[in-house]
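Structure first, then comments.
Since every read-out is calculated from the coordinates, none of them should be taken as a lab result. These figures come from a predicted structure and were not determined experimentally. Heads up, the Cβs are rebuilt from the backbone with ideal geometry, glycines too, and the neighbour counts pull from every protein chain shown.
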Amino acid sequence: MKAIINRRDFLKAGAVTAVGAAVLPHVLSGCTTGPAKIGGNMTIHDYLEHFGVTEQMIQQIIAEGLSKGGDYCDLFFQHSIGNYIGLEDNAVNRAYSDISFGVGIRVLKGDQTGYSFSEEVSLNAMKSAARTAANIANSSATVEPVAFESPKLPSYYMIKTPWEEISINEKIPYLQQVNDKVFAMDSRVIKSNVWFNDETSYVLFANSEGLMTCDYQPMAQLSVSVTAEQNGQKEQNYFDYSGRRGIEFFTPEAINTLATEAVKRTVSLFDAVKPKAGELPVVLAAGSSGILLHEAIGHGMEADFNRKETSIFSDKIGKKVANDFVTIVDDGTNPNIRGSINVDDEGNNTEKTYLVAGGTMESYLHDRISAQHYGVKPTGNGRRESFRHMPMPRMRNTYMENGPHKKDEIIESVKYGVYAESFSNGQVMIGAGDFTFYVKSGYLIEDGKLTRPIKDINIIGNGPKVLADIEMVADDLKMAEGGWTCGKNGQGVPVSQGLPTVKVSKITVGGVNA
Amino acid sequence: MNNKERKELAMWAVEFAKQKGASEVAASINNSRSVEIEVREQKIEKIKESTTNGLSLNIYRDHKYSGHSTNNLNKKDLEKFITEAVEATKYLTADEFRELPDPSLYPADLNRDLKIEDKSYNSVAPEQRVQIAKEIEQVARSKSDKIISATGGFSDDYSESVLVHSNGLIAERASTSFWAGGEVTVRDGDARPEGYHWGGSRHFKTMPTPEELGSKAAENAIRKMGQTKIASGKYDMLIENRTAGRLLYMFVRPMSARALQQKSSYLDGMLGQEIASPVLTVIDDPLMEGGFASRLYDGQGIAARQRTMIEKGVLKEYYVDNYYGKKLGMTPNGGSTSNIRFDLGTRGFDAIVKDINKGIFVTSFNGGNSNSTTGDFSFGVSGFLVEGGKIIKPVNEMNISGNAKEFWKQLAELGNDPYQYSSILSPTLVFKDIDFSGL
């Protein structure tokens, strides 16, 4: 059944990417054409072979796509392999894998989109999908085949060993080590769940302008959820590491931090209180608090909304929206970070895009359609969940650059307020600008000091108001460690976010009324 | 491939996995065709048509368990896929509770017609879909000159699936669904509040009209104009029927056998006890005709039956799936929700609101979450201030917070107006003295 479409955009933590994860002891190709080669050193030629297609076939499909008079056609071949292993009740007793293979075909006529996909890469199946997409236009045309060129791409996520070469029995000890540490740390721990998932995606892109690109996209995530009990009271919390990483990232230190943080964040909840309801100063801890930017400004700066004038930021470019020390970027180039991409899903170069520079609104986040609409260069934000979906402007890694203040002076400046540290999810209404994020743990600030822990409160604010209310920014920028997935129009893509310690003078905090 | 061929392929996959060393196997094969259309300024903005296939396998190898899925149904490729899947399973830890459901739990009657398949699906023409979307946009746009953007949309799908278990289940089903709606943004000073309305049906001919969908989408945006944040405090809370279903999710996770077994349920040990106000009776009804979550069996092949989950505020059942049920020594009854119905009240919204002296009528949630272990929750909301029985003005940017244990006891009344376009058929709900955070 299809759920009622909810166009609100959200971000959530800890989501398993796509479907689960690979457990298989050997390379699992899932297609007869099979990867002759695997990993990050493949050439365009290797990718063509991987998908069992030739340049001539691609030219024929493009011709079919443009046969009704479309302006532009692109093909997005994708083969992804996901693995997931889970530990529960002290045993690694479940594993899942998923293989997904196909090609998405898009035809544009002005800013109109026709889309179809095929899970078979035979010429006939692909031509049939191309004819369906072609129907967005309704005349007829014959196009000359273009010669393809493949620009050299950067490489932001080389890993040592492809995940397909790591067998299930090599991964199992990691889960057991996390579990052992969690139980050893605190006798109040009663349950621990650990997951290890990895995903590998091979992408080949070609368009009617003669651009052809390929990319190898690894992703990994190690997560632990802890339940503890004290005097009959139970509490649960969570911590995870995620990124475009290889197994070398999961060092003994990383395993140790993972377990330590998860337990610490759980047992602190035994003493947690709820703050007073209403508008309070909020200090956001460095790290995953970047969720503030994702919701308060990031979505509103995605140019598809602005093209339709449905965003609260629709007329704000070039305007002063925040203090001079506020600079906010969306960046696809951070090495091994979850939202990084070597090339976007429309073949455009990735970059570091300034949303706000020195307090002034600088640029929207563009895909091909919106860049054309505004007559600007694409910013490399055209992304999609898979070959089954059409691209649209999406964030990558969204963060604020360092400011002039110190963490300690920020906390000391607050008489009564909230220090928010870990989060589970957020959401925004693009037009009204109202955004929220859910605080799993943090502290009250009383008389300039962190005092009692807090838990389970929603924070709600308005994008432009909160930007203007950013009073202090520290010099301790940190990126989120965990696996964040952003949802928009039913498509999930991996993203990350970051923040230095930041003080917002007031936001509405969920709490209790005296 | 048709369902007969899918059934043969699934039976082959089960046999092949057993040959390779699996003790028990479940295989399902799905096929779904779908169309999505979005119209803006009377032009097609986006159209997407697709067919997707998938095979999922659950493998039990000497009580070791793994699950696998692929969209490549080529038999030669499947041989390799299944061989590797069975092989990988041996590295896992055996767990005595990992086995297929007992065949006595499988459905006895697979022929009952739940009226979830529109047999005339293929006769719906692409032009009809586009026309409906265009009409929705037109209706919406005509409602106000403050509208900046309006879109109309239409989507539908036709899904078929087969499920084969090696211990004696062979089942198949087919269903259709059609959805249409509109999304509208209005100018309101600096802000551009948005509203939407979608409605659907299992059958094309019983879909809501473009007039209804377009008007409501526009109204939902227009009524937000001038919204402001108001003072924090305790207010009575009315929740619009289409929005109220979201609150039910506060129950769903803690009611699952997994949450009980994993000690992450605030409802652990509460069976037979009062967990909500006596006005609340919640029925899980998978056998409803035409329901969006109607089914004869669930994803584990367990026969669906009507269950009273909460009766007059008392917790009567948990959602017990096969694995955690066995682990807890409880009889599996299906681990997931289906259609949710309520015992209805006697009055509609208009009558109920007259009795509210100081309240907030919540029409939309914005983010927030709930904690299944403790019952704590906090959600962003927007809606309207109600005073002296009248709707006074739109409010936004506020939170409600509390704990499910007390919250559900503050439920005072249910309306007689269940929402039709969801598998949660909630009426208007009224809660007393809820903590709102605003100014």
- Note on the structure: With Cα coordinates, the longest principal axis of chain A makes an angle with the long axis of helix A:252-267, in degrees rounded to 10, of 50 degrees
- According to the square roots a ≥ b ≥ c of the eigenvalues of the Cα gyration tensor, what is the shape class of the protein assembly as shown, taking rounded for a/c under 1.5, prolate for a/b larger than b/c otherwise, and oblate for the remainder? rounded
- 222 nm [θ] for chain A, helices only, -39500 (n - 2.57) per DSSP H run of 4+, per residue, to 500? -5000 deg cm²/dmol
- Query: Peptide B:150-161: average number of partner chain Cβ atoms within 10 Å per residue?
  - Reply: 1
- Query: Rounded to the nearest 0.05, what FRET efficiency is calculated for B:LEU344 and B:THR228 with R0 set to 45 Å and r the Cβ-Cβ distance?
  - Reply: 0.85
- Task: Can you work out the PRE-style zone for B:GLN306? Point 7 Å along Cα to Cβ, and I want the residues of the range B:255-289 with backbone N under 19 Å.
- Result: B:280-289
- Query: Averaged over all directions, how much area does the convex hull of the C-alpha atoms of the range A:9-270 cover when projected, in nm²?
  - Reply: 16.3 nm²
- Run the quick spin-label model on A:ASP475 and A:SER155: label points 7 Å from Cα toward the beta carbon, then report their separation in nm to one decimal. 3.6 nm
- Task: Once you have the Cα-Cα distance between B:GLU289 and B:LYS358, take 0.36 nm times their residue separation minus that, and quote the gain in nm to one decimal.
- Result: 20.9 nm
- Item | Label-zone membership for the range B:110-131, site B:ARG33, 7 angstrom Cα→C-beta point, backbone N under 19 Å | B:116-131
- Message: With 10 angstrom as the radius, rank A:THR379, B:THR243 by how many other C-beta atoms surround their C-beta, starting from the fewest.
- Response: B:THR243, A:THR379
- Message: What distance in nm lies between label points placed 7 Å from Cα along the C-beta direction at A:VAL273 and B:GLN410?
- Response: 2.0 nm
- Task: May I ask you to sort B:GLU194, B:GLU274 by Cβ crowding, counting other Cβ atoms within 10 Å and putting the fewest first?
- Result: B:GLU274, B:GLU194
- Simple label model, 7 Å out from Cα along Cβ direction - B:ASP145 to A:ASP315, nm: 1.7 nm
- Query: Between A:ASP408 and A:ASP71, what FRET efficiency follows from the Cβ-Cβ distance if R0 is 60 Å, with the result rounded to 0.05?
  - Reply: 0.60
- Query: Got a sec? How would A:THR508, A:THR333 order by Cβ neighbour count within 10 Å, fewest to most?
  - Reply: A:THR333, A:THR508
- Where a ≥ b ≥ c are root eigenvalues of the Cα gyration tensor, a/c under 1.5 meaning rounded, otherwise prolate if a/b exceeds b/c and oblate otherwise, the range A:278-509 counts as prolate
- Message: As a quick test, which of the pairs B:LYS224/B:LYS390; A:LYS171/B:LYS75; A:LYS12/A:LYS264; A:LYS308/A:LYS377; B:LYS7/B:LYS205; A:LYS320/B:LYS143 have an alpha carbon distance above 24 angstrom in this structure?
- Response: A:LYS171/B:LYS75; B:LYS7/B:LYS205; A:LYS320/B:LYS143
- Query: Using 1/(1 + (r/R0)^6) with R0 = 25 angstrom and r between the beta carbons of A:GLU170 and A:THR260, what's the FRET efficiency to the nearest 0.05?
  - Reply: 0.60
- Note on the structure: Per the rule of 0.36 nm per residue minus the C-alpha distance, extending B:LYS119 to B:GLN420 adds in nm 106.2 nm
